[in-house]
Amino acid sequence: MTTPPFVPRVFSGIQPSGDLHLGNYLGALKRFVDAQNQGIQSIYCMVDLHAITVWQEPADLRHSTRELAAGFIASGIDPEKSILINQSQVPEHAQLAWVFNCVARMGWMKRMTQFKDKAGKNAEAASLGLFGYPALMAADILIYHATHVPVGEDQKQHLELTRDIAAKFNHDYGVEFFPLTEPVIEGPATRVMSLRDGSKKMSKSDPSDASRINMTDDADTIARKIRKAKTDPDALPSEAAGLADRPEARNLVNIYAALSDQPVDAVLAEIGGQQFGTFKPQLADLAVAKLSPISQEMARLMNDPSEIDRILGRGAEQAREITAPILEKTYEIIGMVR
Ligand code: AQP
């Protein structure tokens, strides 16, 4: 079989497992909008099947899935330009994941740091789904023959595994059927850190709400969290090298750069020499200016959940036009009687 000419196609997803936060926005959502607006065919997904790898109250999961869809749309994802879906409405994701469970090796999965982080000390009690998560993620991407996946830095290892699975499938069956997808991890905010600890990433599951800025936080809450963000006593440097051993300072400058669409060096040329007491209010004003319109639009969209459901239903129909033939071809390659 010859190498198919893979058309450029972007896929990425976010778990509806809690409130969207600034890390999700800068590391993922904002960049999804950039890809969409470059005219690349894009599929964006609420990965609800991933969310249940840890316990989710059914009513909360339903709410979070709709709220996440509202977050995508409010951030600029246009359902007329991009395909917007929730994973469970496109069954080919889970079907291909089973095939990939049989391609991926136990040793590969055991090396996944996210499983170790999330399972913690009690790995025996973790769900089998949490362990197999990266095979489902590979299926999410490869069921579209996606060529590019914009993600935050934390997903790099899963993207490498996706390439390993594609390469092993292609090798084992003597085909060049799945592309070796490129991760797209770029910009100043590929790893937004906790506001309380510059060595930990900002995360939905951090028990401290003060550690993150939620997309649904109001202006006062955003300003208070930034005011209380951990920093050091020194003034801000004028060049990026001066941030090397200052994780909290680096984090706030990176956030400023990403929100204002400027390189870090340009930001430091402007704010170098300032104390945090001067810089933090500027950062808070910028964050409120950028995030408030999004949270207001999310709230408006959430007033009409049936419209969100309709968008996701239509997205699933469009998605299946891509996924059904790719699954069929996969089954044919591996010898399933059709
Ligand atoms: N702190 C972050 N900085 C930059 N990007 C981030 N992403 C997540 N956290 C940061 C990116 O957001 C996308 C969706 O992430 P996800 O919700 O699917 O998975 P996650 O990494 O598990 O998110 P959280 O907030 O860290 O959730 P929990 O706390 O449940 O683990 C991905 O592109 C991710 O890189």
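The values are calculated or read from the model by the stated rules, or taken from the named source; none is laboratory data. Because the structure is a prediction, the values reported are computed rather than measured. In this analysis, Cβ positions are derived from the backbone assuming ideal geometry, glycine residues included, and neighbour counts consider all displayed protein chains. These accessible areas exclude ligands, DNA and RNA; they are computed on the full protein's heavy atoms, side chains included. Shrake-Rupley method; radii C 1.70, N 1.55, O 1.52, S 1.80 Å.
Take the Cβ-Cβ distance between residue 331 and residue 200 as r, set R0 to 51 Å, and report the resulting FRET efficiency rounded to the nearest 0.05. Mind showing how you got there, number by number?
Numbers: r = 43 Å, r/R0 = 0.83.
Result of the calculation: an efficiency of 0.75.
Enter the angle in degrees (range 0 to 90, nearest 10) between the Cα long axis of helix 92-101 and the first principal axis of the Cα atoms of the chain, meaning the one along which they spread out most.
Long axis of 92-101 versus the principal axis of the chain: about 80 degrees.
Quantify, in whole percent, the carbon and sulfur part of the accessible surface of segment 58-162 (1.4 Å probe; protein heavy atoms only). Walk me through the intermediate numbers first.
Values: 2390 of 4490 Å².
The nonpolar share, carbon plus sulfur, comes to 53 percent.
What is the antiparallel percent of DSSP beta bridges lying wholly in the chain, to the nearest 5? Walk me through the numbers before you get to the answer.
On the way: 2 of 16 bridges.
That works out to approximately 10 percent antiparallel.
What angle, in degrees between 0 and 90 and rounded to the nearest 10, separates the Cα long axis of helix 219-228 from the longest principal axis of the Cα atoms of the chain?
70
Taking the 0 to 90 degree range and rounding to the nearest ten, how far is the long axis of helix 247-259 tilted relative to the main principal axis of the chain, both from C-alpha atoms?
70
So what J values fall out for segment 135-149 if you push phi through Karplus, 6.51 cos²θ - 1.76 cosθ + 1.60 with θ = phi - 60°, rounded to Hz, Gly and Pro as x?
6, 5, 5, 4, 5, 3, 7, 7, 5, 9, 6, 5, 9, 9, 10
Just to confirm my numbers, what's the Cα centroid distance between segment 291-317 and segment 225-274 in Å?
Segment 291-317 and segment 225-274 have Cα centres spaced 34 Å from each other.
How much accessible area per residue does the chain have, counting only protein heavy atoms and a probe of 1.4 Å, in square angstrom? If you can, show how the numbers build up before the last one.
Working: 15440 Å² over 338 residues.
Counting only protein heavy atoms, the per-residue value for the chain is 46 Å².
Between residue 6 and residue 218, how many nm apart are label points set 7 Å from Cα along the C-beta direction?
Result: 4.7 nm between the two label points.
Could you give the length gained by full extension between residue 105 and residue 168, i.e. 0.36 nm per residue of separation minus their alpha carbon distance, to one decimal place? Walk me through the numbers on the way to the answer.
On the way: separation 63, 0.36 × 63 = 22.68 nm, distance 1.01 nm.
Full extension of this stretch gives 21.7 nm more.
I'd like the distance separating the alpha-carbon centroids of segment 168-184 and segment 70-132, in whole Å.
19
Name all residues of segment 65-105 having a backbone nitrogen under 12 Å from the label point set 7 Å from the Cα of residue 309 along its Cα→Cβ direction, giving them as ranges.
Counting backbone N atoms under 12 Å from the label point, the list is 66.
Extension gain residue 124-residue 37, at 0.36 nm per residue separation less the Cα-Cα distance, in nm?
Details: separation 87, 0.36 × 87 = 31.32 nm, distance 4.42 nm.
Gain on stretching residue 124 to residue 37: 26.9 nm.
Quick check: residue separation of residue 299 and residue 235 times 0.36 nm, minus the Cα distance between them. What number comes out in nm? Let's see the in-between values first.
Values: separation 64, 0.36 × 64 = 23.04 nm, distance 3.82 nm.
Fully extending the segment from residue 299 to residue 235 adds 19.2 nm.
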